[in-house]
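Okay, so here's the structure we're looking at.
The values are calculated or read from the model by the stated rules, or taken from the named source; none is laboratory data. Note that the coordinates shown come from a computational prediction; the quantities given were computed from them, not determined experimentally. Glycine also receives a Cβ, built like all others from the backbone with ideal geometry; neighbour counts cover every protein chain displayed. Accessible surface is based on the protein model in full, side chains and every heavy atom, while ligands, DNA and RNA are left aside. Shrake-Rupley method; radii C 1.70, N 1.55, O 1.52, S 1.80 Å.
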Amino acid sequence: LITEKQAKINEAKATYKNYAGGILKLFKPYETYRMGADRSELGQRANEFLKQIKLTRAFYAGINEVTNAEYKQFNKNVSGDPGHPVVSVSWIDAVKYCNWLSNIEKLMPVYQIKNNKY
């Protein structure tokens, strides 16, 4: 028998589209992944190397950058090509966007903000 937690993970969608339109991919625990870049890969940094990792918790992560169109639903002052990644966003604004999206999707916000600080 498997645990209720494992059953929920097994039944979770491999990808889903969030309220803002972003596509997220499920990363499951106990799966292994290769992180980093080969020395020959364009943009590889000197301190970057390939390694295998094993996750301990399931999570969803966006497969692309947040676009201007997605972010504009949160902040109407955003301009630029709707299909391009949003730019010039501070860390605290990104945190607020994530919390906004969590609230809309009826999820518990991950970040605590006090006095405009994370």
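Details
- Residue identified as among the hydrophobic types (A, V, I, L, M, F, W, C) and either touching a Cys at 6+ places or on another chain (Cβ under 8 Å) or exposed (fewer than 15 other Cβ atoms within 10 Å of the Cβ) (or both) among 46, 58: 46
- Qualifying position, being open to solvent by less than 60 Å² (accessible area, probe 1.4 Å) and in contact with a Ser or Thr (Cβ under 8 Å, 6 or more places away or on another chain), among 78, 86: 86
- Residue list for region 11-52, restricted to those being at pLDDT 90 or above and of a type in the set (S, T, N, Q): 15, 18, 52
- Top-ranked residue in region 20-40 [being open to solvent by 100 Å² or more (accessible area, probe 1.4 Å) and free of Cβ contacts under 8 Å to residues at least 24 places away in the same chain; ranked as nearest to residue 75 (Cα to Cα)]: 34
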